[in-house]
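Inspection log for the structure reproduced underneath, given as structure tokens.
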């Protein structure tokens, strides 16, 4: 039932652009490490070519994907048809974290609306696209986006978000250091400059 492709086809792109949510899967190399699956809402995904997609990643309570792909590159994005014809579409690829201070940020950020709490861009070079039936996926109707995350980020403000990321987004639950965890803290910057 499933079909495998080496890159996105126009019909795949059309399907992806209609979806209101997608899921991201990643895992560390260590056998006892935890597999992570994250839902992504809002209009944050961009198709850059038939072999590259990227999404704007917003500040949250964890940062597992970022550390996993920095360690080993492996990432899977999954899209589901909750209405219309059934379909599951997975993108298998090699991910890369792009932070605001990195050169590739300037290439990628113009593709996005900069949402409150944006912390990084995850870029994915696709090496396989797989479709499957999705016959058992139930119907769900889209009622709207939750604005809670954006409101939280706006209320917190940029300085408090930086401190939050240092505290909550620097290590995974398995102890892997994320790219955000490699950024010197504001206190360290102040000590060096003072």
Of the conditions (1) in a loop (DSSP other than H, G, I, E, B); (2) out of contact with any helix residue (DSSP H, G or I) (no Cβ under 6 Å at 6 or more places or on another chain); (3) at pLDDT 95 or above, the single one that residue 116 does not satisfy is (2)
Of the residues in segment 73-99 that are within 28 Å of residue 151 (Cα to Cα) and in contact with a strand residue (DSSP E or B) (Cβ under 8 Å, 6 or more places away or on another chain), the one that is surrounded by the fewest Cβ atoms within 10 Å (Cβ to Cβ) is 99
Note on segment 1-29: residues exposed (fewer than 12 other Cβ atoms within 10 Å of the Cβ), out of contact with any helix residue (DSSP H, G or I) (no Cβ under 9 Å at 6 or more places or on another chain) and part of a loop (DSSP other than H, G, I, E, B) are 1, 2, 6
Among the residues of segment 131-151, the number that are under 20 Å from residue 91 (Cα atoms) and surrounded by 10 or more Cβ atoms within 10 Å (Cβ to Cβ) is 5
Any residue in segment 73-87 that is in contact (Cβ under 8 Å) with a residue 60 or more places away in the chain, farther than 20 Å from residue 15 by Cβ and in a loop (DSSP other than H, G, I, E, B)? no
Note on segment 53-69: residues outside any strand (DSSP E or B) and either within 18 Å of residue 107 (Cα to Cα) or touching a residue at least 60 places away in the same chain (Cβ under 8 Å) (or both) are 59, 60, 61, 62, 63, 64, 66, 67, 68
Restricted to segment 152-179 and to residues being in contact with a helix residue (DSSP H, G or I) (Cβ under 6 Å, 6 or more places away or on another chain) and in a loop (DSSP other than H, G, I, E, B), the residue surrounded by the fewest Cβ atoms within 10 Å (Cβ to Cβ) is 170
Note to self: Is it the case, given these coordinates, that residue 165 is at pLDDT 95 or above and touching a strand residue (DSSP E or B) at 6+ places or on another chain (Cβ under 9 Å)?
What the structure shows: yes
Matching residues in segment 39-53 (in contact with a helix residue (DSSP H, G or I) (Cβ under 9 Å, 6 or more places away or on another chain) and under 20 Å from residue 114 (Cα atoms)) number 7
By residue number, the members of segment 55-69 that are over 8 Å from the mean Cα position of the chain (by Cα) and closer than 25 Å to residue 6 by Cβ are 68, 69
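The values are calculated or read from the model by the stated rules, or taken from the named source; none is laboratory data. Model, not experiment: these values are computed from the prediction. All Cβ positions, even for glycine, are placed from backbone atoms using ideal geometry, and neighbour counts span all protein chains on display.
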